[in-house]
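**Student:** Input: one structure, supplied below.
The values are calculated or read from the model by the stated rules, or taken from the named source; none is laboratory data. Nothing here was measured: the structure is a model prediction, and the numbers come from that model. Note that we place each Cβ from the backbone using ideal geometry, even for glycine, and neighbour counts take in every protein chain shown. Just so you know, the surface numbers come from the protein's heavy atoms only, side chains and all, with ligands and any DNA or RNA stripped out. Shrake-Rupley method; radii C 1.70, N 1.55, O 1.52, S 1.80 Å.
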Amino acid sequence: MADTKLPKISVVVTCFNCPGYVGDAIRSVARQTLRDFDCVIVDDASTDNSAEVVQRTLDALNDPRFSLVRLPKNVGQTGATRAGLARTQAPFVCFLDSDDLWNEDFLERHLAAHLNETYAVGFTACNARLIDGQGSLIAGAVYWFGKDRALADRGQAFAPIDPARVPKLDPAQRSADWRGQSPYRLYTARLVHWVWVSTSSMMFRRSLVDLVFPDDDEAFRLHMDFYVVVMAQMVSGSLLIDEPLYSYRLHGRNGAADNPVLGGRLHLSARNWGDTHARMLDRMLAAMIHDRERFVIALGERQYRRMLLRMRAARASPATAWFFVLRSWLV
C-alpha cells in the first residue's frame, strides 16, 4: 500500500553511573536504518560524569531527535523509565539499557514483526549476542531464548548444532559473520517464567506499557523489567525473533547478570532470585485486584479472570497450583 505511513517509535535510555558505555549505546540508536524515532536519555542522578558523557555525545550527534533529562535525585529503574515515558508519545516504545548496543536494523526488524498479517502482539523480543566490557564477543546467542531453561537441554546427551548457526570467521578483520536468519515464533502461553533476554531486546505497544506499568517507583527501584514483561505477556502474548539483533554486555557490574562463567545451563545471574520472584508476583496480583476496572476494560471480564487465576497458580504451592489452572480453563 503506497499510501500507508509507518508509525513513529520512541526510545527511552536510562542511565546511572555508566560513563564507559552510554555513549556507544546512544550511537547505536543514532545508526538505526529506520529513521522516524525520538530518543530520550534519562540520567538518574548519576554520581559520576555519566550525564556529561551523554551531553557530549548528543552535542557531537547534533540530532534533534535526541534529548537528555537529568533527574535531581536518584529514583531507580521504574522512576527513571517513567520520566522518559512522560516525554514520549509514539505508539511503539523501546527501552535500551545504557550498557547494551543495538544492531543497525533493530528498530526496522521489530516494527516489521509487529506489522505482520497474522497476529497483533503486545511486544516483540529478539535474541542477543553476548559481549564483554571491551566489546569482544563472548557468545553468538543466548541458548535458552524462547525456551524453558530448565528443559532446554534435558534428556539430550548429544544435542545437534545447526551448522547454519555457526559463523564464518575472518581472522584478518577479527570479525564473525553469521548467515541471515528470519524465524519468528508466536508465544501466547499465559505462564510466569522468563524466556526472553532483557528489555533491550524488545519493542512494546505503548498502550500495553501504559496498562501494565507499575505505579510505585520505590517498590520497583529494580526488577521493573520482570514486572512489566511478565504482565505484558499475561495480557497479550509476544512475538519472538529467533535472531540476535542486539548485544548484551557483561562487564562485571551488571545489575542482574553478574555470573562471569557462561556455558550450558549456567544462568547469567549467580543470585538466588526466589524471594524477588515471589515479591514481584505478589505485587502483580495486588495491582490486578486494585486496578480491576482498568484491566477489565482492556481485557474483558473473562480474560481478566483467567489472567488472575493463572497468576494465583504461579504463586501457589505445586500441590494447589493445578486447582487454579483448572479453574482458569473453565472460565
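**Student:** Take the stretch 70-114 and flag every residue that is without any contact (Cβ under 8 Å) to a residue 60 or more places away in the chain and either closer than 23 Å to Pro7 by Cα or touching a Cys at 6+ places or on another chain (Cβ under 9 Å) (or both). Spell out the reasoning first.
**Tutor:** Here is the first cut: in the stretch 70-114, the ones without any contact (Cβ under 8 Å) to a residue 60 or more places away in the chain are 70-74, 83, 86-87, 112.
Within the stretch 70-114, Ala83, Ala86, Arg87, Ala112 meet the criteria.
**Student:** Taking the stretch 1-42 on its own, how many of its residues are farther than 23 Å from Asn103 by Cα and either touching a Gly at 6+ places or on another chain (Cβ under 7 Å) or not basic (Lys, Arg) (or both)? Write out each step before concluding.
**Tutor:** If we filter the stretch 1-42 for residues that are farther than 23 Å from Asn103 by Cα, which is where we start, we get 1-5, 17.
Adding the requirement that they be either touching a Gly at 6+ places or on another chain (Cβ under 7 Å) or not basic (Lys, Arg) (or both) leaves 1-4, 17.
Matching residues across the stretch 1-42 total 5.
**Student:** Let me ask you something else. Based on what the data block shows, is Pro7 of a type outside the set (Ser, Thr, Tyr) and either under 25 Å from Asn116 (Cβ atoms) or open to solvent by less than 10 Å² (accessible area, probe 1.4 Å) (or both)?
**Tutor:** Details: of a type outside the set (Ser, Thr, Tyr): yes; either under 25 Å from Asn116 (Cβ atoms) or open to solvent by less than 10 Å² (accessible area, probe 1.4 Å) (or both): yes.
The answer is yes for Pro7.
A quick yes/no check of all residues on (1) open to solvent by less than 40 Å² (accessible area, probe 1.4 Å); (2) without any contact (Cβ under 8 Å) to a residue 12 or more places away in the chain; (3) within 23 Å of the chain's Cα centre (by Cα):
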residue: Gln134; (1), (2), (3): no, yes, yes
residue: Leu137; (1), (2), (3): no, no, yes
residue: Phe158; (1), (2), (3): no, yes, no
residue: Ser175; (1), (2), (3): no, yes, no
residue: Leu186; (1), (2), (3): no, no, yes
residue: Val197; (1), (2), (3): yes, no, yes
residue: Phe204; (1), (2), (3): yes, no, yes
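**Student:** Between a residue in the stretch 301-330 that is free of Cβ contacts under 8 Å to residues at least 24 places away in the same chain and any residue that is among the polar types (S, T, N, Q) and assigned to a helix (DSSP H, G or I), which pairs come within a Cβ distance under 7 Å, given they are 6 or more apart or on different chains?
**Tutor:** As it stands, the answer is Leu309/Ser328, since those pairs meet every condition given.
**Student:** Let me ask something additional. Please go through (1) closer than 25 Å to Phe226 by Cα; (2) in contact with a helix residue (DSSP H, G or I) (Cβ under 9 Å, 6 or more places away or on another chain); (3) open to solvent by less than 30 Å² (accessible area, probe 1.4 Å) for Ser50 and return the number of the only condition it doesn't satisfy.
**Tutor:** Unmet for Ser50, out of (1) closer than 25 Å to Phe226 by Cα; (2) in contact with a helix residue (DSSP H, G or I) (Cβ under 9 Å, 6 or more places away or on another chain); (3) open to solvent by less than 30 Å² (accessible area, probe 1.4 Å): (1).
**Student:** Right, next: Suppose we keep only residues that are surrounded by 20 or more Cβ atoms within 10 Å (Cβ to Cβ) and of a type in the set (A, V, I, L, M) within the stretch 212-226. Which one would you say is farthest from Val29 (Cα to Cα)?
**Tutor:** Among those residues, the one meeting the criterion is Val212.
**Student:** Name the residues in the stretch 264-300 that are open to solvent by 80 Å² or more (accessible area, probe 1.4 Å), modelled with pLDDT of 85 or more and acidic (Asp, Glu), would you?
**Tutor:** Result: Glu293, single match.
**Student:** Let me ask something else. Do the conditions hold for Glu117, that is, is it open to solvent by 50 Å² or more (accessible area, probe 1.4 Å), assigned to a loop (DSSP other than H, G, I, E, B) and free of Cβ contacts under 8 Å to residues at least 40 places away in the same chain?
**Tutor:** Values: open to solvent by 50 Å² or more (accessible area, probe 1.4 Å): yes; assigned to a loop (DSSP other than H, G, I, E, B): yes; free of Cβ contacts under 8 Å to residues at least 40 places away in the same chain: yes.
Considered against the rule, which asks whether it is open to solvent by 50 Å² or more (accessible area, probe 1.4 Å), assigned to a loop (DSSP other than H, G, I, E, B) and free of Cβ contacts under 8 Å to residues at least 40 places away in the same chain, Glu117 comes out as yes.
**Student:** Counting only residues that are of a type in the set (A, V, I, L, M) and either touching a residue at least 24 places away in the same chain (Cβ under 8 Å) or open to solvent by less than 50 Å² (accessible area, probe 1.4 Å) (or both), which one in the stretch 53-69 is farthest from Arg31 (Cα to Cα)?
**Tutor:** To start, the set of residues in the stretch 53-69 that are of a type in the set (A, V, I, L, M) comprises 53-54, 58, 60-61, 68-69.
With the extra rule that they be either touching a residue at least 24 places away in the same chain (Cβ under 8 Å) or open to solvent by less than 50 Å² (accessible area, probe 1.4 Å) (or both), the set shrinks to 53-54, 58, 61, 68-69.
Details: Val53: 18, Val54: 16, Leu58: 13, Leu61: 11, Leu68: 18, Val69: 21 Å.
Selected residue: Val69.
**Student:** Given the structure, is Asp217 touching a Gly at 6+ places or on another chain (Cβ under 9 Å), at pLDDT below 55 and closer than 26 Å to Val22 by Cβ?
**Tutor:** Details: touching a Gly at 6+ places or on another chain (Cβ under 9 Å): yes; at pLDDT below 55: no; closer than 26 Å to Val22 by Cβ: yes.
Criteria not met by Asp217.
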